[in-house]
Amino acid sequence: MKLALIGLGTVNRGLLELLLEKKDILLKEYNFNPLITAISDPVVGSIFSEKGLNIEEILSLLQKENNIGNYSDGVKGWDSEKTIKEANADTIVEATPTDLETGEPGLSLLRTALSNKKNIVTTNKGPIVLAYRELRDLAEKNEVIFRFEGTVLSGTPVISFVESNFKGIEIKEVRGIMNGTANYILTKMEIGLSYEEALKRAQEKGIAEEQPEADIKGWDAAAKIVIVANVLMGGNLKFKDVSIKGIDTVRENDIIKALQERKHWKLIATAKKTEGKIIASVAPEILSDQDPLSKITGSINAINFTTDILGNIMVSGPGAGKRETGYALLSDLLYINESRRM
Ligand code: HSE
């Protein structure tokens, strides 16, 4: 496979590190030995090299200079659009910042990539929330593969888990803890940290969004429930269809009072099928300690699927992080690699 990386922030750096760390096993077990022909990032620089880039050199430059302008070879300075069209890559790895209002710059870049018959792997929630059906249809029309596992719980398999294991099964309802920052803050407040201190720690851990408002006010969880509803439950929800309440409505006193009754506040995202329609919401709820979601602490996420055949099935794991989200991209790339070999 020939890859072009669009965006070289935390997520694509995580992917590069994994490609290096797992090089041998990826080749031996999965016959996966991708060539990265280009990287384009408006801040740290852009390079195209037909013969492929050396990952070790890229990572070392990032570590020393946080810039790849001094890479020893190749053509410098291509923007994302030109890179997608001209880097001779068959697959585009898109990890630009999420914008839930416009989807940009990712949405236009994904449209360009698909129209130019490139496979896509992305972790960018904005375009999937705003235009999942359009992008899916564009991929189908151009006979390419479009994967976005990392938009839900980073590398914890959700989309691929359901796709490969829920054959013929209908999902009736989804309930989940889909924002690590909010869950981390609520968990830490239970042991006496103030809201401000807990948020600061979540930011230090690197799990909070650049604008933590998206975590606190429930927008990030709402984006994820829209993706789950539309991709896994056949919905056609828009972001504004989700009723959203964040954890900023929960006071320290509320948390202490709940704890005294062995109950826990959690930010719960729900999508439920009722009479053929999907109703979705995000809101803080008080859960009894009988509820399995009440046991999900810290920055861990979980999704419970209520199904027509198997009853309840829960998936739990990390929902953020460099390595974890980098793995989401890697797992999608391996999916495409497998599909090409069939
Ligand atoms: N800020 C998000 C979270 C990261 O805390 O879960 C992944 O979307």
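Every number in this text was worked out from the coordinates using simple rules, so none of it is lab data. Keep in mind that what you see is a predicted model, and the values were worked out from it rather than measured. Glycine also receives a Cβ, built like all others from the backbone with ideal geometry; neighbour counts cover every protein chain displayed.
Quick notes
- Of all the listed residues (K23, K117), the sole one being out of contact with any Cys (no Cβ under 6 Å at 6 or more places or on another chain), basic (K, R) and closer than 25 Å to E324 by Cβ is K23.
- Unique residue being out of contact with any helix residue (DSSP H, G or I) (no Cβ under 7 Å at 6 or more places or on another chain) and not polar (S, T, N, Q) when the list is L330, L310, L259: L310
- Scanning the range 101-120 for residues that are hydrophobic (A, V, I, L, M, F, W, C) and either surrounded by fewer than 17 Cβ atoms within 10 Å (Cβ to Cβ) or more than 20 Å from A229 (Cα to Cα) (or both) returns L109, L110, A113, L114, I120.
- Among residues of the range 46-99, those that are touching a Leu at 6+ places or on another chain (Cβ under 6 Å), hydrophobic (A, V, I, L, M, F, W, C) and within 29 Å of N142 (Cα to Cα), counted: 2
- Odd one out for K200 among (1) under 21 Å from S154 (Cα atoms); (2) within 16 Å of the ligand (Cβ to nearest atom): (1)
- Residue in the range 80-97 that is in a strand (DSSP E or B), within 26 Å of K322 (Cα to Cα), touching a Gly at 6+ places or on another chain (Cβ under 9 Å) and within 15 Å of the ligand (Cβ to nearest atom) present: no
- Taking the criterion of being within 28 Å of I216 (Cα to Cα) and not hydrophobic (A, V, I, L, M, F, W, C), the residues of the range 299-311 that qualify are S299, N301, N304, T306.
- The range 207-220 - residue that is in a helix (DSSP H, G or I) and within 8 Å of the ligand (Cβ to nearest atom) and, of those, nearest to V250 (Cα to Cα): D215
- All positions within the range 255-290 that are of a type outside the set (A, V, I, L, M, F, W, C) and without any contact (Cβ under 8 Å) to a residue 24 or more places away in the chain: K257, Q260, E261, T274, E275, G276, K277, E285, Q290
- Residue that is nearest to D220 (Cα to Cα), among those in the range 144-169 that are part of a loop (DSSP other than H, G, I, E, B) and either within 16 Å of the ligand (Cβ to nearest atom) or in contact with a Lys or Arg (Cβ under 7 Å, 6 or more places away or on another chain) (or both): S154
- For K200, the conditions (1) more than 16 Å from N304 (Cα to Cα); (2) in contact (Cβ under 8 Å) with a residue 12 or more places away in the chain; (3) of a type in the set (D, E, K, R) all hold with the exception of (2).
- Output for the range 7-35, where each listed residue is over 12 Å from E94 (Cα atoms) and of a type in the set (A, V, I, L, M, F, W, C): L16, L18, L19, L20, I25, L26, L27, F32, L35
- Condition met for A280 (within 26 Å of the chain's Cα centre (by Cα), assigned to a strand (DSSP E or B) and within 21 Å of V158 (Cβ to Cβ)): yes
- The residue that is nearest to L186 (Cα to Cα), among those in the range 288-342 that are small (G, A, S) and in a helix (DSSP H, G or I), is S294.
- Identity of the residue in the range 232-249, aliphatic (A, V, I, L, M) and more than 16 Å from the ligand (Cβ to nearest atom), that ends up nearest to the chain's Cα centre (by Cα): L232
- Across the range 170-197, the qualifying residues are those that are in a helix (DSSP H, G or I), polar (S, T, N, Q) and surrounded by 22 or more Cβ atoms within 10 Å (Cβ to Cβ), and the one among them that is farthest from the ligand (Cβ to nearest atom) is N183.
- Per the conditions (1) in contact with a Lys or Arg (Cβ under 7 Å, 6 or more places away or on another chain); (2) outside any helix (DSSP H, G or I), the sole criterion not satisfied by D248 is (2).
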